[in-house]
Amino acid sequence: MTRKSAIDRREFIVSAAAAASVLGLDGRIAFAESKAASDLMTKGFFAFKVGDIEVTTVSDGQWLKPHDPGFIKNASVEETKAALAAAGLADDKVTIPFTVTIVKTGGKTIMFDAGTGAQLAPTAGTLATNMAAAGIDRSKIDMVVVTHFHPDHIFGLMEKETNAQVYPNAEIVVPDTEYVYWTDPGTLAKLPENRQGLVKRIQATMPTWKNLKRVEDGAEVAAGIVAVAAYGHTPGHTTYLVGSGKDQLYVLADIANMPALFVRHPGWHVVFDADPQMAEVSRRRMFDRVIADKAIITGYHYGMPGAGRIEKDGNGYAFIPLA
């Protein structure tokens with residue numbers, strides 16, 4: 001971002017806040033969208049620092065999802081379109097980005113989640129190319145820390161045809177609660193046949209991996225990186241606190257899907273949440289926590305730059321991108 005655009009952005013935020021105060025609006029502040037998002041999407045990555053920790057968010061492409069009345073359980077397609085338009089986004093479809101967070105700390109390169117593995121949407125699967133553009137050697141990843149076991153987060157761990165490990169020399173860290181749920185034979189038995197594929201793939205791979213490590217809530221998975229349970233999206237969905245002195249980064253994963261929809265409207269329940277009520281409680285709790293800690297966050301579906309801060313905004317929240 002240029003100095004001029006940064007100043008313009010600050011002036012926009014200040015004037016919006018002043019207008020809300022002077023005009024007696026409903027307490028919501030209209031924050032500017034990232035002016036750098038399009039350029040960063042083309043570039044494929046965004047690098048910044050949190051204290052002494054080097055952080056890079058890397059794009060794995062996006063899913064151009066047609067509107068579906070079941071996408072948000074308690075909001076209509078018309079309300080969804082209105083929220084997208086209010087954020088300055090195209091409202092003819094729902095564009096869901098995939099963004100992986102990679103940190104360099106303590107002499108290690110640590111990746112949070114592994115992307116789609118080019119095995120989902122045709123416009124996704126750019127992680128390997130964009131990692132190379134960012135100067136990150138995939139063969140030198142020391143650890144992959146998994147937030148949960150949805151396909152867009154773990155299919156990048158395994159080859160499409162053979163299920164062979166993509167990162168055989170890295171330590172694969174997974175939340176124990178998540179692992180127990182997906183590898184339980186009872187989970188497979190409870191699902192209809194058309195939803196058994198993911199469970200079967202997990203059960204055919206992860207229990208055989210010698211480099212897999214299961215961690216509990218509150219565990220230090222690496223120096224300065226702590227697991228913070230945030231259940232609801234999945235039974236064991238876990239976020240991670242990455243600390244560097246007084247500076248902190250929270251890797252929030254899927255605590256909320258797209259900011260224009262689910263940060264702005266934290267009470268909206270996306271179809272992907274296994275337990276919508278629990279997911280909402282976790283979402284609000286984690287947002288309040290990062291605000292109190294004045295921490296930077298990354299979000300898996302936030303689009304580029306994929307990093308910023310959460311601010312309270314009326315009855316909801318706002319995501320303020322770093323660029």
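The values are calculated or read from the model by the stated rules, or taken from the named source; none is laboratory data. Treat the numbers as computed from the prediction; the structure is a model and nothing was measured. Heads up, the Cβs are rebuilt from the backbone with ideal geometry, glycines too, and the neighbour counts pull from every protein chain shown.
Descriptive notes on the structure:
A quick yes/no check of all residues on (1) at pLDDT below 95; (2) more than 30 Å from residue 135 (Cβ to Cβ); (3) crowded, with 18+ Cβ neighbours inside 10 Å; (4) in contact with a His (Cβ under 7 Å, 6 or more places away or on another chain):
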residue	(1), (2), (3), (4)
24	yes, yes, no, no
41	yes, no, yes, no
45	no, no, yes, no
62	no, no, yes, no
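- Taken as a whole, the condition of being hydrophobic (A, V, I, L, M, F, W, C), surrounded by 15 or more Cβ atoms within 10 Å (Cβ to Cβ) and assigned by TED's automatic domain parsing to the domain that holds residue 64 applies to residue 157.
- Enumeration of residues in the stretch 223-237 that are aliphatic (A, V, I, L, M) and either within 14 Å of the chain's Cα centre (by Cα) or outside the structural domain of residue 274 (by TED's automatic domain parsing) (or both): 230
- Selection status of residue 318, touching a residue at least 60 places away in the same chain (Cβ under 8 Å) and either surrounded by 23 or more Cβ atoms within 10 Å (Cβ to Cβ) or part of a strand (DSSP E or B) (or both): yes
- Selection count, the stretch 253-280, where residues are surrounded by 18 or more Cβ atoms within 10 Å (Cβ to Cβ) and either outside the structural domain of residue 182 (by TED's automatic domain parsing) or of a type in the set (Val, Ile, Thr) (or both): 3
- Annotation: residue 109 fulfils all but one of (1) of a type in the set (Val, Ile, Thr); (2) more than 20 Å from residue 256 (Cβ to Cβ); (3) modelled with pLDDT under 95; the unmet one is (3).
- Restricting the stretch 135-162 to residues that are within 22 Å of residue 48 (Cα to Cα) and of a type in the set (Lys, Arg), the residue that is farthest from the chain's Cα centre (by Cα): 140
- Counting only strands (runs of 3 or more DSSP E) that sit completely within the stretch 24-131, those holding 2 or more residues that are charged (D, E, K, R) correspond to 53-65.
- Some residue of the stretch 67-75 being crowded, with 20+ Cβ neighbours inside 10 Å, modelled with pLDDT of 95 or more and small (Gly, Ala, Ser): no
- Filtered residues of the stretch 105-120 (kept if buried (at least 17 other Cβ atoms within 10 Å of the Cβ) and not acidic (Asp, Glu)): 105, 109, 110, 111, 112, 114, 115, 116, 117, 118, 120
- Any hit, the stretch 304-316, residues being in contact with a His (Cβ under 9 Å, 6 or more places away or on another chain), more than 24 Å from residue 76 (Cβ to Cβ) and either charged (D, E, K, R) or in the same structural domain as residue 150 (by TED's automatic domain parsing) (or both): no
- Failed item, numbered, when residue 83 is tested on (1) touching a Gly at 6+ places or on another chain (Cβ under 9 Å); (2) modelled with pLDDT of 95 or more; (3) surrounded by 13 or more Cβ atoms within 10 Å (Cβ to Cβ): (1)
- So residue 88, is it within 20 Å of residue 240 (Cα to Cα) and either buried (at least 22 other Cβ atoms within 10 Å of the Cβ) or at pLDDT below 95 (or both): no
Yes/no per residue for (1) farther than 19 Å from residue 221 by Cβ; (2) outside the structural domain of residue 177 (by TED's automatic domain parsing); (3) without any contact (Cβ under 8 Å) to a residue 60 or more places away in the chain:
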| residue | (1), (2), (3) |
| --- | --- |
| 122 | yes, no, yes |
| 126 | yes, no, no |
| 140 | no, no, yes |
| 149 | no, no, no |
